[in-house]
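The values are calculated or read from the model by the stated rules, or taken from the named source; none is laboratory data. As the structure is a computational prediction, the values presented were derived from the model and not from experiment. As a convention, Cβ positions derive from the backbone with ideal geometry for all residues, glycine included, and neighbour counts pool all protein chains shown.
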Amino acid sequence: MTELDLNRPPLSAYERTEIDRWLQRYPADRKQSALLAALHAVMHTDHYVSVEKMEAVADYLGLPAITVYEVASFYSMYELAETAAARYSISVCTNLSCMLCGADQIVEQLERKLGVKLGQATADGKFFLKKEEECLAACSSAPMMQINHVYHTHLMPEKLDQILDRLE
């Protein structure tokens, strides 16, 4: 272990438990299969994925750090910098699978209900509607959105209203 490794923030108990839960689903030699879930666990804890946490995930899964960097930077569902964001950050997947299933209607409904456009926050700072998301890795559950770290799938305008009403 290097001096840098000693200074790296460790994964929290929650993060390790969550990663271990996902690792049980895959053969022992396929730890990379749990990478998306591992990054998701870090997002749950820290609300973003720092380089230090990416390196900790790489160490925990026995992967090269570059593998974790590549995945974290490809998927826009992972925040890579700490931001002074709204209480609820909303991302709607607008990739092909979600668009074919009505993601454009979900975006329109969100903009109408919140009174903001993509890339804007509500005046009270409660909601931030992120710009278009390329992929949130839930194609089989389209259309879908993520509010903070929580996925909401198989969306329809009525379901969207129910979700937002619970947050208000």
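Per-structure values
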{"read-out": "Tally, over the range 63-98, of residues that are assigned to a helix (DSSP H, G or I) and either closer than 25 Å to Arg30 by Cβ or in contact (Cβ under 8 Å) with a residue 40 or more places away in the chain (or both)", "value": "12"}
{"read-out": "Among (1) at pLDDT 90 or above; (2) closer than 19 Å to Phe74 by Cα, the one test that Val107 misses", "value": "(2)"}
{"read-out": "Any hit, the range 149-165, residues being assigned to a strand (DSSP E or B), assigned by TED's automatic domain parsing to the domain that holds Ser97, in contact (Cβ under 8 Å) with a residue 24 or more places away in the chain and not hydroxyl-bearing (Ser, Thr, Tyr)", "value": "no"}
{"read-out": "Index of the failed condition, Gly125 passing every other in (1) assigned by TED's automatic domain parsing to the domain that holds His154; (2) in contact with a Ser or Thr (Cβ under 9 Å, 6 or more places away or on another chain); (3) not polar (S, T, N, Q)", "value": "(2)"}
{"read-out": "Unique match (being of a type outside the set (Val, Ile, Thr) and modelled with pLDDT of 95 or more) among Leu6, Leu63, Leu114", "value": "Leu63"}
{"read-out": "From the options Leu118, Leu164, residue that is more than 20 Å from Ser76 (Cα to Cα), touching a strand residue (DSSP E or B) at 6+ places or on another chain (Cβ under 9 Å) and of a type outside the set (Gly, Ala, Ser)", "value": "Leu164"}
{"read-out": "Members of the range 40-62 that are free of Cβ contacts under 8 Å to residues at least 40 places away in the same chain and either farther than 22 Å from Leu136 by Cβ or in a helix (DSSP H, G or I) (or both)", "value": "Ala41, Val42, Thr45, Asp46, Val51, Met54, Ala58, Gly62"}
{"read-out": "Candidate set: the range 131-156, residues that are over 19 Å from Ala37 (Cβ atoms) and either surrounded by fewer than 20 Cβ atoms within 10 Å (Cβ to Cβ) or acidic (Asp, Glu) (or both); chosen: the one farthest from the chain's Cα centre (by Cα)", "value": "Met156"}
{"read-out": "Criterion: more than 16 Å from the chain's Cα centre (by Cα) and either surrounded by fewer than 16 Cβ atoms within 10 Å (Cβ to Cβ) or outside the structural domain of Ile147 (by TED's automatic domain parsing) (or both) - qualifying residue of Ser50, Ser33", "value": "Ser33"}
{"read-out": "Residues of the range 116-130 classified as charged (D, E, K, R), touching a residue at least 12 places away in the same chain (Cβ under 8 Å), exposed (fewer than 13 other Cβ atoms within 10 Å of the Cβ) and farther than 13 Å from Ser91 by Cα, total", "value": "0"}
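Conditions (1) out of contact with any helix residue (DSSP H, G or I) (no Cβ under 8 Å at 6 or more places or on another chain); (2) over 17 Å from Leu129 (Cβ atoms); (3) surrounded by 16 or more Cβ atoms within 10 Å (Cβ to Cβ); (4) not hydroxyl-bearing (Ser, Thr, Tyr), marked per residue:
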| residue | (1), (2), (3), (4) |
| --- | --- |
| Ile66 | yes, yes, no, yes |
| Tyr78 | no, yes, yes, no |
| Ser89 | yes, no, yes, no |
| Cys101 | yes, yes, yes, yes |
| Asp104 | yes, no, no, yes |
| Arg112 | yes, no, no, yes |
